[in-house]
Amino acid sequence: MKWETTRHIPQNPSTAMFIGEYRHTFDAKNRISLPAKFRKELGASVIVTRGLDKCLFVYPKTAWKKEAARISQYSTGGAAGRGLSRLMLAGASEADVDSAGRILVPDYLKAFASLSVKSVIAGVSDRVEIWDESAWEEYTKNIERDADAFAEKLGSAS
């Protein structure tokens, strides 16, 4: 019997799963260190963009391509779709991860999320979020307070 060499192509390639929250600080040059646990999955270059709830979204390039394609479907539709497309696509910036694991966050993105020196980097499934530390604490306090009601609402929707 002759053996053939075949190449295995995964049907459903795994995507990064970012979880956890980490406290980091911006340096004087607007750089922030990404958590070591996230760096391998994020890669050597990431996309940073305006997110929702006044935070920044950070995507690995492969995840960003999927997200950008999904968002761009709405870019010529109604006002809400155009607005979200403009917010996230026009606001996106590519950032190289340096040898110390830091990225440079442009001033306009830092201002959008009201980021000061102390920040929280949170893993949220396929993306990473950067929050101002006090905004994160307030947001999570409210979510924790309302978690049961959210679970109830989501449970009744399915």
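Tabulated data for the structure shown
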item: The lone exception for Glu94 - which of (1) within 19 Å of Pro60 (Cβ to Cβ); (2) modelled with pLDDT under 95; (3) charged (D, E, K, R) it fails; result: (2)
item: Those residues of segment 97-128 which are touching a helix residue (DSSP H, G or I) at 6+ places or on another chain (Cβ under 9 Å) and of a type in the set (D, E, K, R), in sequence order; result: Lys118, Asp126, Arg127
item: Wholly enclosed strands (runs of 3 or more DSSP E) of segment 88-129 bearing at least 2 residues surrounded by fewer than 16 Cβ atoms within 10 Å (Cβ to Cβ); result: 93-96, 118-125
item: Qualifying residue in segment 35-53 (condition: closer than 22 Å to Tyr139 by Cα and loosely packed, with under 15 Cβ neighbours inside 10 Å); result: yes
item: Contacts under 6 angstrom Cβ, first residue in segment 28-52 being closer than 21 Å to Leu87 by Cα and free of Cβ contacts under 8 Å to residues at least 60 places away in the same chain, partner not in a strand (DSSP E or B) and not small (Gly, Ala, Ser), 6 or more apart; result: Ile47/Trp64
item: Tally, over segment 53-70, of residues that are under 17 Å from Ser85 (Cα atoms) and part of a helix (DSSP H, G or I); result: 8
item: Scan of segment 11-35 for residues that are in contact with a strand residue (DSSP E or B) (Cβ under 9 Å, 6 or more places away or on another chain) and either among the aliphatic types (A, V, I, L, M) or at pLDDT below 95 (or both), ordered by number; result: Thr15, Ala16, Met17, Ile19, Ile32, Leu34
item: Single residue of Phe112, Phe57, Phe150 found to be touching a Ser or Thr at 6+ places or on another chain (Cβ under 9 Å) and either within 19 Å of Arg31 (Cα to Cα) or modelled with pLDDT under 95 (or both); result: Phe57
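The values are calculated or read from the model by the stated rules, or taken from the named source; none is laboratory data. These figures come from a predicted structure and were not determined experimentally. FYI the Cβ positions are ideal-geometry reconstructions off the backbone, even for glycines, and counts take in every protein chain you see.
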